[in-house]
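Everything below concerns the one structure shown next.
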Amino acid sequence: MTDSPLRRSIGWYRIPILIVAVLTCLLFYLPFLVVVATSWTGTSYIIFPPEGFSLQSYIGVLGDVEWMDAFKISLRVAGIGTVIAVLLGTLGALALTRLRSRAARRWIRTLFIVPMAIPPVAYAVGLYSVSLRATALQDNLGLLILGEALLAVPYVFVMVSSGLSQADPALRPVASTLGAGWPMIVWRVDLPMIAGHMLAGAVFAFAVIFDEVVLSVFLTPVGVKTLPLQMLTASQEELSPQLTAASTLVSMAAVLLLGGYSLFSSRRAARARRLSRKAATV
Amino acid sequence: MSIALSIQDVRVTLGQFEVLRGVSLDAAPGTFVTLLGASGSGKTTLLNVIAGLQHIDSGHVLFDGQNVESRPPRKRKVGVVFQSYALFPHMTVGENVAFPLRAARRPTAERRKVVQEMLDLVDLGTMVNRSPASLSGGQRQRVALARALASDPGILLLDEPMAALDKQLRERMQVEIKRIQQQVGITTVAVTHDQAEAMTMSDLVAIMHEGQLVQIDSPENLYRRPVDEYVAGFLGEANLFPADRQGLLPPGTGDTAVGTAVIRPEDLVVVDPAQAAGHWQVKGVVRLVSFQGSRFRLEMTTPSGQSVVCSLPPHTDASVLVPGAEVTLGCVDPDRIHVIRPAQADQPLKLVA
């Protein structure tokens, strides 16, 4: 190891810290690794360590109409839900910067974030009773998509708000003295600045919605299943390697999505740093 | 296009605090006015009032005699350079300068032409495609200036334009901004707390103090004939002595004073007490002598405890002026002494030296 600040400042006391860190990592990833390992077992039931190696459960999942339908439904719900969540979250964050009263800003910010802490079951039951009244919302995915989108709005809101708070507060006044009306300010000043944060919010929203199961239980029409719901039912019927194979596939997708995003954004940040360093030496 | 600015008895209250308490100011087209004052004196608020970014409680703002209080910032045709420059970080230099033209829906060809003209004006003609992040502080400021001027505004507003620059660059940019302002011939209002900056750039300096405009005049008149003790002390170094209607009073007889004489350090000289007998003089003990390149700065303390500052030519033999030495200062040219008279001239003025 090189002469890192950690090593210099705390010397050998860092060893226990490192041990705790490694254990935490293991705690995070061991169960996942077990799931991955069991998915390639040659048996028709889940066993660890796996016996033999075969991709039969993967072929089973990918070839199964029920699994594939659930996957497509989830994709559609998460896709549309993400669009709605990004729209609402961004609008909320933008509106908040235009409020004059500081107290009102604080209250509304809290109201936007609190839903994160409300259990999804509460939403689910509430929306379910709505669906009993409104026949237009029965037997389609509308209510589910709406509910999932609402669950994801706070994530987008937090991301976009943090992006807006990093911007120079003088940008909007300067734009208005330069003759820009509000549509131009939103389109040419606000949105380009928070595009990256909107993308981050979208990634999170998509991941949250794609994995969400509670609302699906209550709000999916009869005979339709989202992927998490399909997994839940599958786990209740029998613990087959198909279930772990599907979990592995979903986890891989999530890792690719989030990992790809963080790689992309850190590269962008590095480029910005390089630019400002260059400017400082000019 | 350059407008005449008139501000009439403007009052602004923020929360409980009265930030502007009846400010009036007039500037002819093409004048460079600097609002000078300590922080919290309301100068930035006044600038925002002119830009339309601050709502006023009462009073009037007139551009060329027309009321503009109800006009939003985007319809006032003002060009503002903010302290942070507020360049749009996601646009190139050229796009930043083109922003006001785009807002005014000018055609692309015209936009390109004006952007080039503006960037040439500020000596950044080759930087059109650079990103603001890759520019130095001085370059960013010039881009902000070019952007503020691009849509041919009637008035240019500069909010602490030099605050983010280092000292050397600051002095260069003061001259540069003055050059550009004269070339464009635009009415300009700048805000600063740096008196040297105010004096370098402006035709008129307006001294603000606690939400009021104390005095507005040319830099020279402000320095030579301040209206009160605050202005005298704020702009340059000043020695304040009691005076009556005839002129300076001998030290120690301040009770009959009805005014305050302002003596600038450069108007004082070291005199021989015997030779200067009969003339006004002040005795004291040297506290500090420092060489500052263009002058020796002599600071002495009178028996009554007042501190007096005197500038001596740089070639003076300062070897006898050691701290603790007795020294007598006299005035070279009594005509240059300015006497501030209080409003109620009949009442003797108690001086707190």
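Values in this text are rule-based calculations from the coordinates and carry no lab data. Remember, predicted model here, so these are calculated numbers, not experimental data. Methodologically, a virtual Cβ is constructed for each residue, glycine included, from the backbone with ideal geometry; neighbour enumeration extends over all protein chains shown.
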Expressed in angstrom and rounded, the centroid-to-centroid distance over alpha carbons for region A:79-116 and region A:56-75 is 36 Å
Among A:Arg268, B:Arg71, A:Arg172, rank each residue by its count of other Cβ atoms within 10 Å, from fewest to most, as a rough exposure measure.
A:Arg268, B:Arg71, A:Arg172
Given the options A:Thr82, A:Thr43, A:Thr135, which has the most mean-square fluctuation in a GNM of chain A, springs set between C-alpha atoms less than 10 angstrom apart?
A:Thr135
Return the single residue from A:Met68, A:Met184, A:Met116 with maximal mean-square fluctuation; model: Gaussian network over chain A, springs between Cα atoms under 10 Å.
A:Met184
What list of ³J(HN,Hα) couplings, whole Hz, do you get for region A:67-84 from phi and the Karplus terms 6.51, -1.76, 1.60, once you set θ to phi - 60° and write x for glycine and proline?
4, 5, 4, 4, 4, 5, 4, 4, 4, 5, 4, 5, x, 5, x, 4, 4, 5
The answer for B:Val214, listing residues at least 5 apart or on another chain whose modeled amide H is closer than 5 Å to its amide H, is B:Ile207, B:Met208, B:His209
In terms of the alpha carbon gyration tensor, root eigenvalues a ≥ b ≥ c, rounded if a/c is under 1.5 and otherwise prolate when a/b exceeds b/c or oblate, region B:10-67 is oblate
Simple Cβ-charge dipole of the protein assembly as shown, Lys/Arg +1 and Asp/Glu -1, about Cα centre, in debye nearest 20
1220 debye
per DSSP, antiparallel bridges as share of beta bridges in region B:5-229, % nearest 5, sits at 50 percent
Rounded if a/c is under 1.5, else prolate if a/b beats b/c, else oblate: with a ≥ b ≥ c from the C-alpha gyration tensor eigenvalues square-rooted, which is region B:1-155?
prolate
Step through the table entries B:Lys43/B:Lys113; B:Lys75/B:Lys178; B:Lys43/B:Lys178; B:Lys43/B:Lys167; B:Lys77/B:Lys167, compare each Cα-Cα distance with 29 Å, and write down the pairs that go over it.
B:Lys43/B:Lys113; B:Lys77/B:Lys167
Ranked list, fewest to most other Cβ atoms within 10 Å of each Cβ, for A:Leu18, B:Leu53:
A:Leu18, B:Leu53
Taking every DSSP beta bridge with both residues inside the protein assembly as shown, roughly what % is antiparallel (nearest 5)?
70 percent
Estimated distance in nm for a label pair at B:Asp64 and B:Asp152, the labels positioned 7 Å out from Cα along Cα-to-Cβ:
1.1 nm
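By its C-alpha gyration tensor, with a ≥ b ≥ c as the square roots of the eigenvalues, how is region A:65-281 shaped: rounded for a/c under 1.5, else prolate for a/b larger than b/c, else oblate?
Oblate.
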